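Just so you know, all these numbers are worked out from the coordinates, no wet-lab data involved. Quick caveat: nothing in here was measured; it's all calculated off a predicted structure. Heads up, the Cβs are rebuilt from the backbone with ideal geometry, glycines too, and the neighbour counts pull from every protein chain shown.
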Amino acid sequence: MKLSICIPIYNFDVNALVASLKSEIETKNLNAEILLLDDASNSEFQKINSTAKSCVDVFNIFENNVGRSAIRNSFLELANGDYLLFLDCDGKIISPNFISDYLEDIGTNHSAVIYGGRVVDFNIPEKKYQLRWNYAQKRENLSLKKRLQKPYLGFQTNNFVIKKSIFRDFRFDEKLKNYGYEDLLFAMELKSAGVKIQHIDNPIFNNDIETNDIFIGKAAEAAESLALILKDAKTKDRVSDLKLTKAYKKLRDYRLQGIFNISFYFLEPFIKTRLNMGNSHLRLLDFYKLGVLSRTMSKN
């Protein structure tokens, strides 16, 4: 049984990540390969990452950016493994048995999909990074116990293994090019087909915490991605249980969307200023995402 380690790259130095993976593969003589696909990073990072080319089995650079979903799908035809391990490029390996633990679970439980989790530094960063850090701590870095309670909602794409034959049948939705909800939609597609997601305690360290301003932009992208899902009749029911979806539907059903959109137009600059301070409650971020979602849904 062979494992293909698939890492999509966009404007990040992956040399340390590749070195950690390569070390475990060689030390333990594992049957694994490493594939890197660069989604049209700028020339600076292409040059930095070129040193990893001799350490991996595949290193391709896309001329044009295809987006988060399409680049993951592109690994399917390049991978020789029976299973694919997807890692985000900003991850850091923190266990010497990271790959081995996945292989052990595959061999023991024959799981079709496995999610290992994620962690960030427990030390509070300076204020300009606190919004992203706070979101990661409270919404993303869930313990194994919490993830097991809601295995599909607790799934993320930063660190997971999937059987190649399953991935052939369930691709990422390529209309979602930007940040947000491609992992949830993917998980809900698996759920609808009865494909189980196994959760284990094998986290990767999130090595890149964005500034408040950048993360506010990503929050807006996520809301716009959710709007694309809701506007598509084939996918809208997959996210019906999401809190943000339910909040939007209440606005629409009670005919408050117009008033809300006007209010959000005037409030948005103040909300973004408050979020940029870093120590805002995440409910304010939720309100901001609701405003962007409602505004996007109102457009033709």
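How far apart, in nanometres, would the label points at N261 and K191 be if each is projected 7 angstrom from Cα along the Cα-to-Cβ direction?
Result for the modelled spin labels: 2.9 nm.
Of Y248, Y288, Y179, which is the most mobile in a GNM of the chain whose springs link Cα atoms less than 10 angstrom apart?
Ranking Y248, Y288, Y179 by mean-square fluctuation puts Y248 first.
Hey, can you rank 191-201, 9-19 by average C-beta count inside 10 Å, highest first?
9-19, 191-201
Can you tell me, using C-alpha contacts under 8 Å and at least 6 residues apart, the relative contact order of the chain as a whole percent?
In percent, rounded to a whole number, it is 20.
Fully extended, how many nm does the chain gain between R168 and L144 (0.36 nm per residue separation, minus their Cα-Cα distance)?
My answer for the length gained is 5.9 nm.
So for the range 3-210, taking the charge dipole from beta-carbon charges (+1 Lys/Arg, -1 Asp/Glu), which of H199, L30, F172 sits furthest toward the positive end?
H199
Helix 212-231 versus the longest principal axis of the chain: what angle, 0 to 90°, nearest 10, using Cα atoms?
The two axes meet at around 80 degrees.
Please give the FRET efficiency for F205 paired with A233, using the beta carbon to beta carbon distance and R0 = 41 Å, rounded to the nearest 0.05.
0.55
How high is the relative contact order of the range 1-71? Use alpha-carbon pairs under 8 Å, at least six apart in sequence, and give a whole percent.
About 38 percent, as a whole number.
Where a ≥ b ≥ c are the square roots of the eigenvalues of the C-alpha gyration tensor, would you call the range 74-143 rounded, which needs a/c under 1.5, or, failing that, prolate if a/b is larger than b/c, or oblate?
prolate
Taking the Cα centre as origin and putting +1 on Lys and Arg beta-carbons and -1 on Asp and Glu beta-carbons, what dipole magnitude results for the chain, to the nearest 20 debye?
So the magnitude is around 1520 debye.
Which peptide among 235-244, 262-271 comes first, and what is the full order, when sorted by highest mean count of other Cβ atoms within 10 Å?
Peptide ranking by packing, descending: 235-244, 262-271.
In degrees from 0 to 90, rounded to the nearest 10, what is the angle of the helix 282-298 Cα long axis to the longest principal axis of the chain?
That helix lies at roughly 80 degrees to the long axis.
Name the residue farthest towards the positive end of the dipole of the chain from the options N261, Y181, F62, assuming +1 on Cβ of Lys and Arg, -1 on Cβ of Asp and Glu, about the Cα centre.
It is N261, whose Cα lies furthest towards the positive end.
For every helix of n ≥ 4 consecutive DSSP H residues, a contribution of -39,500 (n - 2.57) applies; sum these over the chain, divide by its total residues, and give [θ] at 222 nm rounded to the nearest 500 deg cm²/dmol.
That comes out to -13500 deg cm²/dmol.
How much length is gained on full extension from K250 to I214, taking 0.36 nm per residue of separation minus their Cα-Cα distance?
Taking 0.36 nm per residue and subtracting the Cα distance, the gain is 10.1 nm.
Report, to the nearest 10°, how far helix 257-275 tilts away from the longest principal axis of the Cα atoms in the chain, using its own Cα long axis and a range of 0 to 90°.
That helix lies at roughly 60 degrees to the long axis.
Could you tally the net charge around V119, taking each other residue with its Cβ under 12 Å from the Cβ of V119, Lys/Arg +1 and Asp/Glu -1?
-1
Could you tell me whether the range 207-285 comes out rounded, prolate or oblate from its Cα gyration tensor? Rule is a ≥ b ≥ c as square roots of the eigenvalues, rounded for a/c under 1.5, then prolate if a/b exceeds b/c, otherwise oblate.
Judged from the Cα gyration tensor, the range 207-285 comes out oblate (a/c at least 1.5, b/c at or above a/b).
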